[in-house]
Structures are given as C-alpha cells and as structure tokens.
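Data block below; observations after.
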Amino acid sequence: MEPSAMDRIATRLSTVEGLYFPSSFLGTSPSSRAADGPSHAHTPPSPPRRKEELRSLLARDAPLFLERYGSSLCADELAAFDALSPDYEVDWHLRRLRAAAAGEPRPAWQVRNRRRAYLDRLVRQGDYFSEEAMREREPYLHHEYLGRFQDPLGRAMARPGERWSDTLMRRAEEAVIVEKIRGEQIRRGVHPSEWVGGGGADEAMQEEEEEEEEEEEEEDDVMKEKQAEVEKATEVVANGDAPKESNNVGGSQAGTFKQTLSSEEMQDQLEQFTYLMQERFLSGQDTEHMDYSQIDNDEVLDDHWSREANYDAEEKYFEED
C-alpha cells in the first residue's frame, strides 16, 4: 500500500469519535504515557497519538487493522488495500466488508457467534438472565416452568427492611404480571380453576381481604395478631368447619400452599427455563429489549472467540505436557 494512502486513512480515522482502542493500543508509547499522566488509561488518546498508533498498526498488521476498523472505512479507502489482496486474510476481510456495504446479509454462523458472545457478557456482568428479570419479560413461560410451583403470596409479602411505599409499588407491578399470565391463560383456554391467583369470585374476595390484612399488619404489629385471630375465628364459625387445604397450586392461599417439587427439581426447572430464554435471545426474539443490529454488527464481539480459542489451546498444551 502506498504510504500516502496509509497517512490519509490514519489521519481521517484519528478524528472519528468513539473508535475502539484496546488497552494495549493505548499503552504502546512510553513517552505518551508520561505526557498523558497516570489517568491516561481512562481517557481517549489525543488525535495526533491516534494517528500515530493507527498508522503504526496499519503498517505492521493490515489484516488486524481491517478487522478492527474496516467497517469505518469508505469504498475508496478499502480500494487502497487491493494492493495487499494476495494476502489471504486481507482478501477475506475485503470481501466481507464489501459484502456488508452492498447490503448482503451476514453469515448465520457469524451472527449467532456474536450473539453468543454478547449473551456470555450478559450472564457475567448483569442480571438480564436472573429469574426475576426473565419473569418480567416472559411471565407466562415463567409460570409454566416455575411460578405454578411457587407460593403466590410470597411475592406480595413485605420484605425485611423494605419501605411500605416500595412494597405497594412492588405489589402493583406484581398485579400487572399476574394479569398478563391470566390473560394468556384465558387466550389458551385454561380452565378458570387453574388460573393464577384463583378463578372464582370468593377467591378474589379472599385475596383482597388478605391484602387489607397485610396492610394493617405492616402498620401495627400488635393489632395484626389480634385481628388475625378474630378474623380466623369468624371465618371458622361462618363456614362451620376449619379451612380446607386447596389442591390448586396456581390459586393457593396463605397457609394452604404445598410445595409439590423438591428443591433439586425446582433448580432443574429453573435451568430449563433459563436455557429456553437464552435460546430465544439467540434466535432474535428479544427485539423488545435488545438492539440486535448493534449486536450483529459489533466486530469487537469476535474477539471473544479469539480469546476462547487461545484459552482452549493453552489448556490443551498443558494437558499434553
């Protein structure tokens, strides 16, 4: 490649904001480190330094340069690399970049690899695949795998140290989720006796009464115990018998819920649910929560598999040694 072309490319890219710079790329010049001070790793390099480092990388490793910055090059700048096209890697990157510029779809394997790399990042760094977060995104699916085996009142109970306003907010959010689950059950023709929270008017009234009792309990612990005893006695007298245990897991009430799965079985259910949610993410069904175009076009995610390959090679080396 002509030196003038390399200078032209490095000069223009040095003015592009938000360009990717790995940590090793930032620390290659001791003089620059001294000039930038101890916080240089936390601030982007100056344009002159960017040009210097970009020019150096372009002259030293053209395939790596194309891998990192090829998507930021225009057609004329890519044409300058044709002189290096006998190199297999350079030629491969040029064909890939020109196909993307022409609007050709990315290979399915590349899209899935980048989504898998991003998924691994989500698992390590966030709570996107925590049970609660997945339940918010897919309440009915969570109910089928886990919710129908869990005590429904456990989510409405006040939590230690929680402010009353936070409890009310959480209950309001829970009511929205329950409504979504019930709406899906109705759409699928589920019998009312199996609706989440119970399907009868008496059960709905009992839920309201229990919520009122919980509010009173939160305000006054002493009144809570006395009032609970009075209401329980009144209920027994009115019914002429003690409350019977319900066999309906979805509509179980306080004191009548019976765990039907062991902790090991519940863990297995959670793993199945998580696997299904991760497959939904990989197949592109999380468009409401994720910008797939940004993920699919992020070439930095390819570095994930380079690190994985290096790690596997090291493991194999030490095993053989």
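Just so you know, all these numbers are worked out from the coordinates, no wet-lab data involved. None of the values given here were measured: they were computed from a predicted structure. Note that we place each Cβ from the backbone using ideal geometry, even for glycine, and neighbour counts take in every protein chain shown.
Can you tell me the order of 288-295, 107-114 when each peptide is scored by its average per-residue count of other Cβ atoms within 10 angstrom, highest first? Spell out each step's value before the answer.
Numbers: 288-295: 11.9, 107-114: 13.9.
Result, highest mean first: 107-114, 288-295.
Spin-label point model (7 Å from Cα, Cβ direction): what's the Asp76 to Ser165 distance in nm?
Modelled inter-label distance: 5.9 nm.
Distance in nm between label sites at Tyr20 and Arg116, each 7 Å beyond Cα in the beta-carbon direction?
1.8 nm
Return the FRET efficiency for the residue pair Leu270, Ser4: r is the Cβ-Cβ distance, R0 is 51 Å, and the value is rounded to the nearest 0.05.
Numbers: r = 60 Å, r/R0 = 1.18.
So the FRET efficiency works out to roughly 0.25.
Average the reciprocal distances over every distinct pair of alpha-carbons in the range 52-145, invert the result, and give the Kirkwood radius in Å. Working shown, then result.
On the way: mean 1/r = 0.0609 Å⁻¹.
One decimal place: 16.4 Å for the Kirkwood radius.
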